[in-house]
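Student: One structure, pasted below without further comment.
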Amino acid sequence: MTIFHTPTEWRALRPSGTLGFVPTMGALHDGHLALVKTALAQCEHAAVSIYVNPTQFNNPEDFAKYPSTFEDDCRLLEEVGCGFVFAPTYETLYPDSYRYRVTETETSTVLEGAHRPGHFDGVLTVVLKLFNCLQADAAFFGEKDYQQLLLVKEMAEALHHPTKVIACPTVREPDGIAMSSRNRRLNPAQRALATQWAQTLANTTLSCDAATQDLTELGFTVDYIAERWGRRLGAVHTPPLDNGPVVRLIDNIAL
Ligand code: AMP
């Protein structure tokens, strides 16, 4: 597996044949690896980017505490047969210091966008930069971040980007919680409670209001529970049980 850091290096390395691209922020788990496996099933080569993108973090503490496990990530990627890892620096990806950005004005203003000002500008901008650097045939995104998936798909169409955006289902832990790099920050008491977050969101016999009330009674702070795009989507902050950190969790299910 080859690790590279700049688009110039990539131009020399890029193999012939179809390329599938999986953008990530590292701290990889089986959800990410499922995307890489799908990329390798549909394309001859796979490239994964590992970059914790500062411009998409509206909360500096969330950025500072974001887990970083680069060596482990590379080992896991090698095991599933990924050929290439792109690990750029801020200077490489943002020669403009983020003066140029992609802003969407509808889908990005609700739900996640309403609660995380600037988040989707950062996401769309970095994804477009990565797409331009990699020049892949297809890029694979998880339904776990459903609003992000919709926005990236729409952006590629709107800007006539040749990379095809492909949706992959959410991979869950046995107790139903969606795999997430942020789950690593939960202590055992919070991790146990998080099961009820996943179960409550998925319990469609409850209205969104009733689910919000149940989650609030369990101690979560609810950003939103809402139905849109044929899905039920939600975001909560965990309570700081046993002095644990407040961790923001998002998830969605098909209705
Ligand atoms: P992240 O590293 O969290 O930015 O995620 C990188 C990609 O992996 C995004 O397309 C996510 O939607 C996807 N992803 C993260 N967690 C999961 C999961 N549990 N199942 C499927 N895809 C996921």
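Student: In nm², what is the average projected area of the convex hull enclosing the Cα atoms of the chain? Could you put the intermediate results ahead of the total?
Tutor: Working: hull surface 53.8 nm².
Orientation-averaged projected area of the Cα hull: 13.4 nm².
Student: Tell me the angle of helix 119-134 to the major Cα principal axis of the chain, expressed in degrees between 0 and 90 and rounded to the nearest ten.
Tutor: It is inclined by approximately 30 degrees.
Student: Could you give the angle, 0 to 90 degrees to the nearest 10, between helix 146-158's Cα long axis and the longest principal axis of the Cα atoms of the chain?
Tutor: Once rounded, one gets 40 degrees.
Student: Something else about it: At 7 Å along the Cα-to-beta-carbon direction for both His115 and His160, put a label point, then send me their distance in nm to one decimal.
Tutor: 3.8 nm
Student: I would also like to ask the following. Just add up the charged neighbours of Phe131: K/R +1, D/E -1, any other residue whose Cβ is under 13 Å from the Cβ of Phe131. Walk me through the numbers on the way to the answer.
Tutor: Details: positive: Lys129, Lys153, Lys164; negative: Asp137, Glu157.
Taking every other residue near Phe131 into account, the sum is +1.
Student: Sum up the charges of everything whose Cβ sits under 14 Å from the Cβ of Leu241, counting Lys and Arg as +1 and Asp and Glu as -1, but leave Leu241 out.
Tutor: Values: positive: Arg185, Arg191; negative: Asp242.
Charge balance near Leu241 sits at +1.
Student: Another one. From the phi of every residue in the range 223-232, what ³J(HN,Hα) in whole Hz does the Karplus formula 6.51 cos²θ - 1.76 cosθ + 1.60 yield, where θ is phi - 60° and glycine or proline is x?
Tutor: 6, 6, 10, 8, 10, 6, 6, x, 10, 9
Student: Follow-up. Could you work out how far the C-alpha centroid of the range 42-87 sits from that of the range 219-255, in angstrom?
Tutor: 24 Å
Student: To continue, here is another question. At q = 0.18, 0.19, 0.21 Å⁻¹, what log₁₀ I(q)/I(0) does the range 133-199 have when each alpha carbon counts as one equal point scatterer in the Debye sum?
Tutor: These q points yield log10 I(q)/I(0) values of -0.74, -0.78, -0.86.
Student: Looking at the chain as a GNM with Cα springs under 10 Å, which of Asp145, Asp209, Asp121 has the largest mean-square fluctuation?
Tutor: Of the options given, Asp209 has the highest mean-square fluctuation.
Student: Taking Cα atoms of the range 1-50, Rg/Rh with Kirkwood Rh, to two decimals? Mind dumping the intermediate values first?
Tutor: Details: Rg = 11.2 Å, Rh = 11.6 Å.
So for the range 1-50, dividing Rg by the Kirkwood Rh gives 0.97.
Student: Can you pull the semi-axes for the range 59-171, root of five times each eigenvalue of the Cα gyration tensor, sorted largest first, whole Å?
Tutor: Details: eigenvalues 102, 68, 55 Å².
So the equivalent ellipsoid measures 23, 18, 17 Å along its semi-axes.
Student: Using only Cα atoms, what is the ratio of the radius of gyration of the range 118-253 to 2.2 N^0.38 Å? The partial results should precede the final answer.
Tutor: Values: Rg = 16.6 Å, N = 136, 2.2 N^0.38 = 14.2 Å.
After normalising by residue count via 2.2 N^0.38 Å, the value is 1.16.
Student: Mind checking which of Phe141, Phe220, Phe63 has the largest fluctuation in a GNM of the chain, springs on alpha carbons under 10 Å?
Tutor: Among Phe141, Phe220, Phe63, the largest mean-square fluctuation in the Gaussian network model of the chain belongs to Phe63.
Student: Continuing with the same structure: Would you mind computing, in nm to one decimal, how far apart the modelled labels at Ala167 and Ser207 are, each placed 7 Å from Cα along Cα→Cβ?
Tutor: Distance between label points: 2.7 nm.
Student: For Thr69, project a label point 7 Å along Cα to C-beta. Then give me every residue of the range 178-193 with its amide nitrogen under 12 Å of that point.
Tutor: Residues 180-186 fall inside that zone.
Student: Which whole-Hz ³J(HN,Hα) couplings does the range 203-210 yield from phi under the Karplus relation 6.51 cos²θ - 1.76 cosθ + 1.60, θ = phi - 60°, glycine and proline marked x?
Tutor: So the J values, rounded to whole Hz, are 7, 7, 6, 8, 6, 4, 5, 5.
Student: What does the charge count around Val222 come to, taking other residues whose C-beta lies under 14 Å from its C-beta (Lys +1, Arg +1, Asp -1, Glu -1)? Intermediate results must be reported in sequence, preceding the final value.
Tutor: Details: positive: Arg232, Arg248; negative: Glu112, Asp209, Asp214, Glu217, Asp223, Asp251.
Summing Lys and Arg as +1 and Asp and Glu as -1 gives -4.
Student: Go through Thr24, Ala138, Thr8 and say which Cα lies farthest out towards the positive end of the charge dipole of the range 8-147; charges sit on Cβ, +1 for Lys and Arg, -1 for Asp and Glu.
Tutor: Thr8
Student: Also: For the chain, modelled as a GNM with alpha-carbon contacts under 10 angstrom, which of Glu112, Glu78, Glu217 fluctuates the most?
Tutor: Of the options given, Glu217 has the highest mean-square fluctuation.
Student: While we're here: Want the number for Asp175 to Gln135: 0.36 nm per residue separation, take away the alpha-carbon distance, what's left? Mind showing how you got there, number by number?
Tutor: On the way: separation 40, 0.36 × 40 = 14.40 nm, distance 3.78 nm.
Extending this stretch completely gives an extra 10.6 nm.
Student: Turning to a different aspect of this structure: Please determine, in degrees from 0 to 90 and to the nearest 10, the orientation of helix 30-42 with respect to the longest principal axis defined by the Cα atoms of the chain, where the helix direction is its Cα long axis.
Tutor: 40 degrees
Student: Give me the base-10 log of I(q)/I(0) for the range 1-137 at each q in 0.09, 0.18, 0.19, 0.22 Å⁻¹, Debye formula, one uniform scatterer per Cα, rounded to two decimals.
Tutor: -0.28, -1.08, -1.18, -1.40
We did not get these values from a lab; they are worked out from the coordinates using the rules stated. Computed from a prediction, not measured in an experiment: that's the story for all the values here. When we count neighbours, we look across all protein chains shown, and the Cβ atoms used for this are built from the backbone with ideal geometry, even at glycine.
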